[in-house]
Amino acid sequence: MTAGTAGNQRLWRLEGYFPDFDGPQMTAFKAELKDAIRQTAAAARKTPDLEPSSAAAWEKIVLALEDAQMHLEHWSSYVSCLEAAHADEEAYPRERAAINRTRAALARIEIELFRAFSAADDGFFDRFVRRPALEPIAYALERIRTRSRFRMAPEMERLATDLNLDGIQAWGRLYDRLSGKLQFSLRLADGRTEVKPISEWRSQMAHPDREVGRAAFEAGNRAWQGIEDVCAAALNAMAGVRLTLYRHRGRNHFLDEPLFAAGIGRPTLDAMYAAVRESLDLPRAFLKTKAAAMGRRDIAFFEREAPLPVAAGKPLRWSRAVGLVDRAFTDVYPALGDHFRRMLKNGWIESEARPHKRPGAFCTRSKLTGEQRVYMTFNGTLGDVSTLAHETGHAWHGHLLSGSRPWSQNYPMTLAETASIFAEHVLAEGLYTRPDVDDERKLAMLDEDLSGMAVLLLDITTRFDFESAFYAERAQGELAVSRFKELMVASQRRVYGDCLAVGGEDPYFWASKLHFYISGLSFYNFPYTFGYLLARTLVARFRREGQAFLPRYESLLAASGNAAVEVVVARTLGEDITRPAFWRDAIQGLAVDLERYQGLLPART
Ligand SMILES: [Zn+2]
């Protein structure tokens with residue numbers, strides 16, 4: 001362990017943000033930000049639409065808005081750290097409310113940008129974004145311009161925003177309330193029945209005893225059946241509102257807005273799914289291997305994430321976890337190892353297990369200071385070690401971006417998991433070749449890894465398949481509960497094929513999956529598969545080309561916020577992601593891991 005005693009530090013240091021919470025520096029910072037926003041908002045309101053005579057004024061407004069947003073994010077990142085690490089404190093949620101109010105003030109300035117940009121003619125707009133101070137953020141400005149094109153008249157947009165509170169958002173809230181209260185009755189081994197909240201449903205379905213899992217699944221679905229009409233009404237209404245707004249905003253297809261948000265075009269999405277659909281046998285083979293290890297031929301849908309019954313082993317110590325990550329990174333990717341040690345030394349990682357911490361893990365950063373923080377709770381499993389590597393990958397991405405302008409650092413969801421999955425892979429490669437990590441642990445880790453792969457290629461594809469079919473039919477009218485069930489079962493059969501037991505489908509997955517009910521966005525699925533496969537392509541190339549690949553990899557991360565994903569990949573890797581062959585390569589690369597898994601299984605008794 002080369003990081004010395006710093007590696008034992010398990011509490012992070014946050015002084016890089018502010019010396020203390022609500023101290024004089026932080027108070028002055030907030031006052032300055034508020035002032036800057038007020039002045040910028042006033043200037044934006046009185047500046048006429050974008051044309052040669054107002055260009056200098058709009059340049060000033062854009063730069064001020066970019067700067068204010070960076071300051072707001074600095075403040076917000078700091079508060080995210082405090083909220084997560086001290087869930088019992090009341091001051092932090094109050095601070096969050098103040099941040100949200102400030103964010104709304106910035107959004108109002110953005111509306112003025114929509115107004116100004118939509119009025120500019122094409123030739124002039126191109127010259128405007130080529131001004132020296134704006135050129136580095138040209139892509140962000142072009143996106144604002146595109147958004148401004150697919151908007152209704154300002155008074156109609158205002159009405160739509162107001163109606164959404166009682167429309168699409170109300171349906172989302174109704175679903176959240178009903179599903180949050182939902183309970184299911186689980187029959188225990190001794191014959192008693194226990195009523196459990198639906199939040200425990202997932203862990204019950206993953207129970208090592210598959211009969212307990214099945215009983216939980218069936219009991220949970222009886223509960224969903226009880227609110228099926230409300231779920232169907234909510235889905236019908238939410239999709240209906242969206243389709244109406246798309247029509248009025250000049251959007252031709254229900255995928256146009258989700259694709260714009262993801263930073264990719266339709267040909268890229270089609271190429272990816274063409275490759276996925278012709279390679280489904282690989283993830284299916286993994287699930288069949290797992291079923292065989294349990295003495296079966298296929299699995300039921302509810303078991304798709306159930307782990308192999310593997311002995312957990314003794315918990316790892318934090319110092320050992322740090323050593324494993326450090327060694328793996330340093331051996332394969334020295335610069336990533338250096339950054340990991342820098343983070344430890346600076347106290348940028350929070351890992352202590354103690355009360356009042358929120359569950360989960362994340363990485364956050366400040367564009368103002370160029371610092372990152374990793375949040376997690378280390379309980380000694382190999383999965384926790386993997387989480388540490390994953391979040392450090394995010395931090396490395398942030399570090400590589402930190403030299404660029406704030407608005408060219410905003411990457412889309414499709415590129416958000418590139419660096420984290422890559423770092424997880426670097427750790428895994430290191431661990432699989434280590435003789436001092438026993439086979440049982442390796443198998444458990446590989447099982448978790450490949451289960452994740454099966455979710456991304458099969459489960460997420462099922463959701464995309466279902467949602468596409470649903471939107472296409474919804475354009476003709478509302479769907480009945482029975483039709484939702486039919487579409488869902490058909491999607492599962494198409495995607496899972498023969499690794500899904502006949503009768504093992506989950507006809508209520510459209511009701512129980514929260515992602516279909518997020519009022520702010522639709523198709524919260526394909527960006528996951530995209531991000532995963534892109535990261536796997538990079539892994540495959542790294543395997544082939546070794547260290548020589550790393551400068552290209554880093555240039556891709558550094559450019560991730562300044563062009564469409566197709567352009568970023570073409571410029572840095574010289575690859576065309578609109579070709580299915582690109583995606584096929586990523587999926588074929590997974591065969592190595594599957595073989596490793598199949599090789600480790602027979603060693604078990
Ligand atoms: Zn992540």
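The values are calculated or read from the model by the stated rules, or taken from the named source; none is laboratory data. The shown structure was predicted, so the numbers you read here are calculated from the model rather than taken from an experiment. Cβ atoms come from the backbone with ideal geometry, glycine included; neighbour counts cover every protein chain shown. All accessible areas refer to the heavy atoms of the entire protein, side chains included, with ligands and DNA or RNA removed. Shrake-Rupley method; radii C 1.70, N 1.55, O 1.52, S 1.80 Å.
Within segment 581-593, is there a residue that is of a type in the set (Gly, Ala, Ser), open to solvent by 20 Å² or more (accessible area, probe 1.4 Å) and out of contact with any strand residue (DSSP E or B) (no Cβ under 9 Å at 6 or more places or on another chain)? Looking through segment 581-593, at least one residue is of a type in the set (Gly, Ala, Ser), open to solvent by 20 Å² or more (accessible area, probe 1.4 Å) and out of contact with any strand residue (DSSP E or B) (no Cβ under 9 Å at 6 or more places or on another chain). Scanning segment 123-135 for residues that are within 11 Å of GLU51 (Cα to Cα) and open to solvent by 40 Å² or more (accessible area, probe 1.4 Å) yields one hit, ARG127. Residue count for segment 69-97 satisfying the condition of being of a type in the set (Gly, Ala, Ser) and more than 25 Å from the chain's Cα centre (by Cα): 1. Among the conditions (1) farther than 16 Å from ARG320 by Cβ; (2) within 16 Å of the ligand (Cβ to nearest atom); (3) open to solvent by less than 50 Å² (accessible area, probe 1.4 Å), the only one that GLN409 does not satisfy is (2). Does segment 388-396 contain any residue that is within 14 Å of the ligand (Cβ to nearest atom), in a loop (DSSP other than H, G, I, E, B), without any contact (Cβ under 8 Å) to a residue 60 or more places away in the chain and open to solvent by less than 20 Å² (accessible area, probe 1.4 Å)? The answer is no, given that none of the residues of segment 388-396 is within 14 Å of the ligand (Cβ to nearest atom), in a loop (DSSP other than H, G, I, E, B), without any contact (Cβ under 8 Å) to a residue 60 or more places away in the chain and open to solvent by less than 20 Å² (accessible area, probe 1.4 Å).
When you look at VAL502, is it open to solvent by 20 Å² or more (accessible area, probe 1.4 Å), in a loop (DSSP other than H, G, I, E, B) and not charged (D, E, K, R), yes or no?
Taking the combined requirement at face value, the residue satisfies it.
Residues in segment 244-277 that are within 25 Å of the chain's Cα centre (by Cα) and either part of a helix (DSSP H, G or I) or within 28 Å of GLU303 (Cα to Cα) (or both): 20 in all. All conditions but one from (1) under 13 Å from the mean Cα position of the chain (by Cα); (2) open to solvent by 10 Å² or more (accessible area, probe 1.4 Å) apply to GLU371; the one that does not is (1). Of all residues assigned to segment 526-536, none qualifies as being surrounded by fewer than 16 Cβ atoms within 10 Å (Cβ to Cβ) and part of a helix (DSSP H, G or I). Just the residues that are open to solvent by 20 Å² or more (accessible area, probe 1.4 Å), touching a residue at least 12 places away in the same chain (Cβ under 8 Å) and not aliphatic (A, V, I, L, M), please, taken from segment 436-451. Once the filter is applied, which keeps residues that are open to solvent by 20 Å² or more (accessible area, probe 1.4 Å), touching a residue at least 12 places away in the same chain (Cβ under 8 Å) and not aliphatic (A, V, I, L, M), segment 436-451 yields ASP438, ASP439, GLU440, ARG441, LYS442, GLU448, ASP449. Could you list, in sequence order, the residues of segment 178-202 that are within 22 Å of PRO359 (Cβ to Cβ) and open to solvent by 80 Å² or more (accessible area, probe 1.4 Å)? Result: LYS181, GLN183, SER199, ARG202.
Checking each residue in segment 305-353 for being farther than 30 Å from PHE549 by Cβ and more than 26 Å from the chain's Cα centre (by Cα) picks out PRO309, VAL310, ALA311, ALA312, GLY313, LYS314, PRO315, LEU316, ARG317, TRP318, SER319. The residues of segment 412-437 that are away from the ligand (no atom under 12 Å from the Cβ) and not in a helix (DSSP H, G or I), listed by number, are PRO412, THR433, ARG434, PRO435, ASP436, VAL437. Taken residue by residue, segment 303-311 has at least one member that is touching a residue at least 12 places away in the same chain (Cβ under 8 Å), within 30 Å of HIS207 (Cβ to Cβ) and part of a helix (DSSP H, G or I).
For segment 409-439, enumerate the residues that are of a type in the set (D, E, K, R) and modelled with pLDDT of 90 or more.
Of everything in segment 409-439, just one residue is of a type in the set (D, E, K, R) and modelled with pLDDT of 90 or more, namely GLU424.
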